[in-house]
Every structure is written in C-alpha cells, then in structure tokens.
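Written out below as structure tokens is the structure these notes cover.
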Amino acid sequence: MAQILAPSTQWQMRITKNPANASPMTAKMWGSLLLKQNKKGSSKSSGKFRVFALKSENSTINRLESLLNLDLPQYTDKIIAEYIWIGGSGIDLRSKSRTISKPVEHPSELPKWNYDGSSTGQAPGEDSEVIIYPQAIFRDPFRGGNNILVICDAYTPAGEPIPTNKRHRAAEVFSNKKVVDEVPWYGIEQEYTLLQENVKWPLGWPVGGYPGPQGPYYCGAGADKSFGRDISDAHYKACLYAGINISGTNGEVMPGQWEYQVGPSVGIEAGDHIWCSRYILERITEQAGVVLSLDPKPIEGDWNGAGCHTNYSTKSMREDGGFEVIKKSILNLSLRHKEHISAYGEGNERRLTGKHETADINTFSWGVANRGCSIRVGRETEKQGKGYLEDRRPASNMDPYVVTSLLAETTILWEPTLEAEALAAQKLALNV
C-alpha cells in the first residue's frame, strides 16, 4: 500500500443498515459466461439432460435469476445467514446457510452452530461435532437484502479452540492492554492468481504455453495485457457492499495475477476482513468458472510469486519520533525471523528466493524503499520520522490472524535480551 491512513470508523463487528441504493450481485452479471459455457456443451448433452438443453437458455437463466433475486423482506422478516469457517487445511473456506428469525446487527445476536468435522479433516468420525461461534458479520453481496455473511471460529463441544482456530489466539494477543494501548493498524496486500478451470493454467495464458515476458502486465490495460479484470472489479464492489474495508486493487506483475488491499484495519478486524474478502472472491470465481489460487509460486521460472505484504504501525510509530520505534521493531523482527517465516504460509520457500522483488528466505534484511528486503520502510516515513513498516515476507496463503497477531506480539510484547539486541543492531547497521 502506498500509505497508511486513518482506519475506518465502522468496525466489522457491528453491521450497519443496508444502503438504500445498493444492490446484490446477480446471476445476470455472469449470464454471458454461462451462455458461452452452455452453448459449447449443449449439442453433446446426454439424453437425460437433452430436454433441458433444448429449452431456451435465456429463459432458463432468467427463471433461475428471478428466484435468486426474490425480495424476501416483502414477505418475511426472516433472513439468511451464511456461516463461514476455515477448514482443515488452514486455508480452505467452508460455509453453510441457516434461517434467522429477524435481521441482526451484532454477532452476539446469532446462535452458535455445528458441523461435521470429520468431513473437513478437523475431527474424528466417532466424535465429529465441531461448534462454530459467530464472531463478525458482513452484508451478503450475493443474496442482498438483510442477509448476512458470518465469520466464525471453531471449538470442541467442551469449548476448547480446535488446532486450526488461529483467531482465538489472535484475539488474546489483541486484547492485551499493551497491544490495545498501541492501537495496531494493518494494511494487507492480498495477491492471487486466476486459473483456467479445466487445465489449472493462468487465465489469459495459452494452454501449455507462455505469454510474453513480464513487463507490460503490471497495472496494464488491454486484451493482451489484462486477464480477469471483470472478476477483480466485481470483487472490489462486492467487498464494498459487504462492509469490508477494501482500499484498492490492481493488476500484478505476472499476467493473470491480481492484488487487492484491505485496511487500514485495527487489531483482530484485519483478519476478519481478509478472510471474508477471500470467501467473496472464492464465490465470484465459482460463478465465473475460474479457479482461485493462493499458491505463493503458481508458475515456476522467471515469473513473480504471490505474496501478502503486510503494512503495520503502532500508535508510537505514528507519533513524532516514531522512526526510532520502527527501528526497534525491526530489531525484534530480525531476532525472531525464523519464527515468523515458519508462520508466514506454506510453500513460501519457492517464492522467497532473493529474486522477483523478494528477500532470501534465510536472510533477514531491511531497507528504505527497497522491495528486495524482508522489511521495507517508505521514503515518506524516513522523511517525516514516523509512519509504518511493510513486512514483505508473508505468502499469499498466509493466515492473517497469525501474521497480524505475531507482528503485534514481536514488536509490542516480546523483549529480547540487551546482548541479543546489541548484536542485531550492529549486524543490521541500526542505531537504536
């Protein structure tokens, strides 16, 4: 992100009233894509589906659309809540729907629920029930109306957080008084790659082949440079509708790769907003017939990987004299480099090679305006003597609850020995 501004005054934990002129995403948005897919395969349909295939495709889509867009508030006070949680891999998202008797404004108004953990790799078959607790709510851009998306975390029936529940630990860190007093801000840059559905090859690339070398694609425009802009724009608007604090988007260096930014967000809301934005992106790519990849190095060779750069500041960093606090934080981060790398995403060693705007995974470094470092400090921060730092190490598939809470823990709560600090300062040429 270019800069860290003041965070939104609207916290995701409480949902605001639905804007009067807002409208949900409809099936019509993807009508042309659906028609193209149907036309391609209709002549080869089996007997079982031939009657369906011979009907007017426009008529079929219109009938589905009319049902999907029924205006429920005209007929009932009930709403649909889509409960969302993180699956057994720690990166996959799962969800299911339930009816709520009336509109709600806060997750505390929602009931806990459960799911079959043996089907998500999170519980044994003989004791498979996992309980999900509603933690944050957002407007539902797919169903519209008063319907909501609900970010949940997962617990055993006894109330213990299951191993893949990283939100629980993050909430403990962010509720620490020292952390609360420092009001940590986060701006997260989520990169992702769009893949063709059947071949798992980047969107816009010739199947089994390669486009021209990197250079013209970053923030580029044109049919030969930008692939998937409609998906990026649809996601942008859907996030704004939902109440996610999305602050921008752009095409990335590798063709078929995009980025969006979420923040500035305070504390635990950074993780809630990123996870909900990922869910919305999964749903949009599902509708478009495109595969979403958060692999940190989807294509080997001379192609950029995908990261999740995390911009971070504390109250002390943002005040006069904050650059000294930033340098002290960089010292702490250097001393816990291995702990951070181990928590910054799977497959990150394929991305952090020292090439393609990355630092080598085994070496900690920092610099002003240097995108080849582990930690980058902006020119404006150096000039003003206060501001923020950018941790460029997290992979695109990182868990934002883990990364944000670990940054707060290392820079606010953790204290190295004076000897270790002195040695690190000397090594990094930092005068603290």
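The values are calculated or read from the model by the stated rules, or taken from the named source; none is laboratory data. The model shown is predicted, which means the values in this text are computed figures rather than measured ones. Reconstructed Cβ throughout: ideal geometry from the backbone, glycine too, with neighbour counts over all protein chains shown. These accessible areas exclude ligands, DNA and RNA; they are computed on the full protein's heavy atoms, side chains included. Shrake-Rupley method; radii C 1.70, N 1.55, O 1.52, S 1.80 Å.
For the range 198-242, with all protein chains present and a 1.4 Å probe, just round the carbon and sulfur fraction of the accessible area to a whole percent. Mind showing how you got there, number by number?
Details: 1430 of 2520 Å².
Roughly 57 percent, rounded to a whole number.
Using C-alpha positions alone, give me the convex hull volume of the range 130-184 per residue in cubic angstrom.
Working: hull volume 6.7 nm³, N = 55.
Normalising the Cα hull of the range 130-184 by residue number yields 123 Å³.
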(request) Evaluate the relative contact order of the range 47-187 (contact order divided by residue number), counting alpha-carbon pairs under 8 angstrom at least 6 apart; express in whole percent. (result) 20 percent
(message) Output wanted: per-residue J couplings in Hz (rounded whole) for the range 121-138, from phi through Karplus 6.51 cos²θ - 1.76 cosθ + 1.60, θ = phi - 60°, x for Gly and Pro.
(response) x, 10, 6, x, x, 7, 8, 8, 6, 10, 9, 10, 9, x, 10, 8, 10, 9
(message) Skipping prolines and chain starts, which residues have an amide H placed within reach, meaning under 5 Å, of the one on Ala343, given they are 5 or more residues away or on another chain?
(response) none
(message) What whole-number volume per residue, in cubic angstrom, does the convex hull of the C-alpha atoms of the range 314-381 give?
(response) 87 Å³
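For a quick check of your reading of the filter: which GluC sites (Glu not before Pro) in the range 368-401 sit in a DSSP loop and have no more than 15 other Cβ atoms within 10 Å? Each step should come with its number before you reach the end.
Numbers: sites: Glu380, Glu382, Glu390; in loops: none.
Sparse-neighbourhood loop GluC sites (Glu not before Pro): none present.
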(request) Can you grab the distance from the C-alpha centre of the range 207-271 to the C-alpha centre of the range 273-292, Å, no decimals? (result) 12 Å
(message) Explain nothing, just compute: Karplus ³J(HN,Hα) = 6.51 cos²θ - 1.76 cosθ + 1.60, θ = phi - 60°, for every residue of the range 78-90 in order, whole Hz, x for Gly and Pro.
(response) 5, 10, 9, 10, 9, 7, 10, 9, 8, x, x, 6, x
(message) Output the 0 to 90 degree angle, nearest 10, between the alpha-carbon long axis of helix 269-288 and the longest principal axis computed from the alpha carbons of the chain.
(response) 40 degrees
(request) Round to the nearest 0.05 the FRET efficiency obtained for Glu300 and Gln384 when R0 = 45 Å and r is the Cβ-Cβ distance. (result) 0.65
(message) Using only Cα atoms and rounding to the nearest 10 degrees, what angle (0 to 90) does helix 57-68 make with the longest principal axis of the chain?
(response) 60 degrees
(message) Could you report the chain's accessible area per residue, 1.4 Å probe, as an integer in Å²?
(response) 47 Å²
(message) No solvent, one uniform scatterer per C-alpha: report log10 I(q)/I(0) for the chain via the Debye equation at q = 0.08, 0.11, 0.13 1/Å, two decimals.
(response) -0.49, -0.92, -1.24
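Quick one: order Leu418, Leu352 from most to least accessible surface, probe 1.4 Å. Don't skip to the answer; put the middle values down first.
Values: Leu418 145, Leu352 10 Å².
Largest accessible area first, the residues go Leu418, Leu352.
Please compute, over every Cα-Cα pair in the range 125-283, the percentage with a separation greater than 29 angstrom. Don't skip to the answer; put the middle values down first.
Working: 4323 of 12561 pairs.
Across the range 125-283, Cα pairs with separations above 29 Å total 34 percent.
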(request) Assign one of three labels to the range 227-367, namely rounded, prolate or oblate, based on the Cα gyration tensor with a ≥ b ≥ c the square roots of its eigenvalues; rounded applies when a/c is under 1.5, prolate when it is not and a/b is larger than b/c, and oblate otherwise. (result) oblate
(message) What is the distance in Å between the Cα centroid of the range 371-432 and that of the range 94-112?
(response) 39 Å
(request) Give the long-range amide H neighbours of Asn304: residues separated by 5 or more places, or on another chain, with amide H under 5 Å away, using H modelled in the peptide plane at 1.01 Å from N. (result) Met254
(request) Collect residues whose amide H, placed 1.01 Å from N in the peptide plane, falls under 5 Å from the amide H of Ala359; neighbours closer than 5 in sequence don't count. (result) Gly354
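On a full-extension model of 0.36 nm per residue, what is the gain between Glu346 and Glu319, subtracting their alpha-carbon distance, rounded to one decimal in nm? Working shown, then result.
Numbers: separation 27, 0.36 × 27 = 9.72 nm, distance 3.54 nm.
Extra length available between Glu346 and Glu319 comes to 6.2 nm.
Calculate what fraction, in whole %, of the accessible area of the range 91-179 sits on carbon and sulfur atoms when a 1.4 Å probe is rolled over the protein chains.
Numbers: 1930 of 4140 Å².
Carbon plus sulfur share of accessible area: 47 percent.
Find me the longest stretch of the chain that has none of the exposed trypsin sites (Lys or Arg not before Pro), where exposed means in a DSSP loop (not H, G, I, E or B) with at most 13 other Cβ atoms within 10 Å.
Details: sites that count: Lys17, Lys44, Lys55, Lys112, Lys200, Lys355, Arg371.
So the longest stretch without any such site is 201-354.
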(request) Any chance you could give the angle, 0 to 90 degrees and rounded to 10, that helix 229-242 forms with the longest Cα principal axis of the chain? (result) 80 degrees
(message) Tell me the relative contact order for the range 261-379 as a rounded percent, counting alpha carbon contacts under 8 Å between residues six or more apart.
(response) 16 percent
(request) Rounded to whole Å and sorted largest first, list the principal axis extents of the Cα atoms in the range 309-432. (result) 38, 31, 28
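Is the range 379-432 best put as rounded, prolate or oblate by its Cα gyration tensor, with a ≥ b ≥ c the root eigenvalues, rounded for a/c under 1.5, and otherwise prolate when a/b is larger than b/c, oblate when not?
Numbers: a/c = 2.01, a/b = 1.25, b/c = 1.61.
Oblate is the answer for the range 379-432, as a/c is 1.5 or above yet b/c matches or exceeds a/b.
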(message) Just to check I understand the Karplus step: with θ = phi - 60° and J = 6.51 cos²θ - 1.76 cosθ + 1.60, what whole-Hz values come out for the range 298-303, glycine and proline as x?
(response) x, 10, 6, x, 7, 9
(message) Once each part is reduced to its C-alpha centroid, what is the distance from the range 143-162 to the range 307-341 in angstrom?
(response) 32 Å
(request) Go ahead and set up a Gaussian network model of the chain, Cα springs under 10 Å, then flag whichever of Thr249, Thr363, Thr285 fluctuates most. (result) Thr363
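By the scheme Lys and Arg +1, Asp and Glu -1, what is the net charge of all other residues having a beta-carbon under 12 Å from that of Gly251?
Details: positive: Lys225, Arg229; negative: Glu191, Asp233, Glu252, Glu259.
After counting each charged neighbour, the total is -2.
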